[in-house]
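Undergrad: Attaching a single structure in structure tokens format; questions to follow.
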Amino acid sequence: MNSFLKTNKSYITYILILAVFTACFGFSFLINIIGNILLLILLIPLLLILIAFISFNSFKSQLNKCEKCGVISLGLNNNCINCGAELNKNDQQFDEPSKSTIEINAEEIK
């Protein structure tokens, strides 16, 4: 019996702590603690995946591709690194609203 206590000392300690918490706070407190720990174990990887996805999309939106030679560059330069051609920025498509606006003429239906 003495060798059993020496080899399983940590398990016995955990069981005693569990018994004290159950006696003091009740069984529902113990279930809530276990549930919250499992919830954190599941949600932390999902949060990390979401952060990685947002940062990848942010990085991807800053990439520019040269129309002449096809070199991809980070959005820091106005000219292509390879051929020197001017790069089209993604946000320049909204500079002239008249190009994206559709004019509609109203007609009376009889």
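The values are calculated or read from the model by the stated rules, or taken from the named source; none is laboratory data. Keep in mind it's a predicted model, so treat the numbers as computed, not measured. Positions of Cβ are generated from backbone atoms using ideal geometry, with glycine treated the same way; all protein chains shown enter the neighbour counts.
Undergrad: Any residue in segment 8-22 that's closer than 15 Å to I33 by Cα and assigned by TED's automatic domain parsing to the domain that holds I33: show its pairings with residues that are of a type in the set (A, V, I, L, M, F, W, C) and surrounded by 10 or more Cβ atoms within 10 Å (Cβ to Cβ) at Cβ separation under 9 Å, as long as the two are six or more apart or on different chains.
TA: Partner pairs satisfying both residue conditions: L18/L30; F21/F29; F21/L30; F21/I33; T22/F29; T22/L30.
Undergrad: Something else about it: Which number in (1) modelled with pLDDT of 80 or more; (2) acidic (D, E); (3) under 26 Å from F59 (Cα atoms) marks the one condition that E107 misses?
TA: (3)
Undergrad: While we're here: If we scan segment 39-61, do we find a residue that is surrounded by 11 or more Cβ atoms within 10 Å (Cβ to Cβ), out of contact with any helix residue (DSSP H, G or I) (no Cβ under 7 Å at 6 or more places or on another chain) and modelled with pLDDT under 85?
TA: Taking every residue of segment 39-61 in turn, at least one turns out to be surrounded by 11 or more Cβ atoms within 10 Å (Cβ to Cβ), out of contact with any helix residue (DSSP H, G or I) (no Cβ under 7 Å at 6 or more places or on another chain) and modelled with pLDDT under 85.
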